[in-house]
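Undergrad: Following this message is one structure expressed as structure tokens.
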Amino acid sequence: MHNRRLICTVFAFLFALVLVGSSGAASVNAKERAAALLRNAEGKRVGMAQFTQESKGVRIVLTVKDLSPGERGIHIHAVGKCEPPDFASAGPHFNPTDKKHGLNNPEGPHAGDLPNLTVREDGTAVYEQITDRVTLTSGELSLFDKDGSALVIHAHADDQQTDPTGNSGARIVCGVIMPVRTISMGMPPGAGTLLLLGAVGLLLWLLFLRR
Ligand SMILES: [Cu+2]
Ligand SMILES: [Zn+2]
């Protein structure tokens, strides 16, 4: 009986150790992610955008539907607030570095400026871009500043030159960019086995020793 108590205690200790260790590894591997639910002026959900912090910048992947075909301006705006129908609440283009508008503007671009979105004949669009002018981490370029940020799609193409909006017209779709925490469990090899042994030890300890 004495032997079993010792073994179980050791297993329980190992279990606790592995738990603490793996939660440490998990927080190190946590990726910075964000998402925006895209709604049109009627408040109807028309798409979704996902943002992932990578070494080269923030990858934006977006799908949207129910738009009219053609080129559409798309930007990150300075305020994380999307009040229909005009979405004026989203403020101007995200511009922490105090530049002028447009990817082709010698005095630009705004941090929130992006290449145009192409809507297909069926009204859908798929869009993917990486921008190193914003981050999901902390600092000046962070999309998670005190008033947040929003992704906005416009009625017309952005000419990438005219300050401050690129003549892209009305705001027709808006989504608040919200942080999403995904924890990837980065456990060292063999930790799974240890975890299992620890769990068995804990179970035995509960069964036999806690009466
Ligand atoms: Cu815009
Ligand atoms: Zn701009």
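Undergrad: Does residue 21 satisfy the criteria of being over 24 Å from residue 173 (Cβ atoms), over 23 Å from the mean Cα position of the chain (by Cα) and either modelled with pLDDT of 95 or more or not assigned by TED's automatic domain parsing to the domain that holds residue 139 (or both)?
TA: In short, yes.
Undergrad: With respect to the numbered conditions (1) touching a strand residue (DSSP E or B) at 6+ places or on another chain (Cβ under 9 Å); (2) away from ligand 1 (no atom under 13 Å from the Cβ); (3) within 16 Å of residue 77 (Cα to Cα), which one is the sole condition not fulfilled by residue 147?
TA: All conditions pass for residue 147, except number (1).
Undergrad: Within region 88-98, restricting attention to residues that are farther than 19 Å from residue 155 by Cβ and of a type outside the set (Val, Ile, Thr), which residue is nearest to the chain's Cα centre (by Cα)?
TA: 94
Per-residue answers, yes or no, for (1) under 25 Å from residue 32 (Cβ atoms); (2) modelled with pLDDT of 95 or more; (3) within 16 Å of ligand 2 (Cβ to nearest atom); (4) within 16 Å of the chain's Cα centre (by Cα):
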| residue | (1), (2), (3), (4) |
| --- | --- |
| 81 | yes, yes, no, no |
| 86 | no, yes, no, no |
| 100 | no, yes, yes, no |
| 107 | no, yes, yes, no |
| 113 | yes, yes, yes, no |
| 130 | yes, yes, no, yes |
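The values are calculated or read from the model by the stated rules, or taken from the named source; none is laboratory data. No experiment lies behind these values; they were computed from the predicted model shown. In this analysis, Cβ positions are derived from the backbone assuming ideal geometry, glycine residues included, and neighbour counts consider all displayed protein chains.
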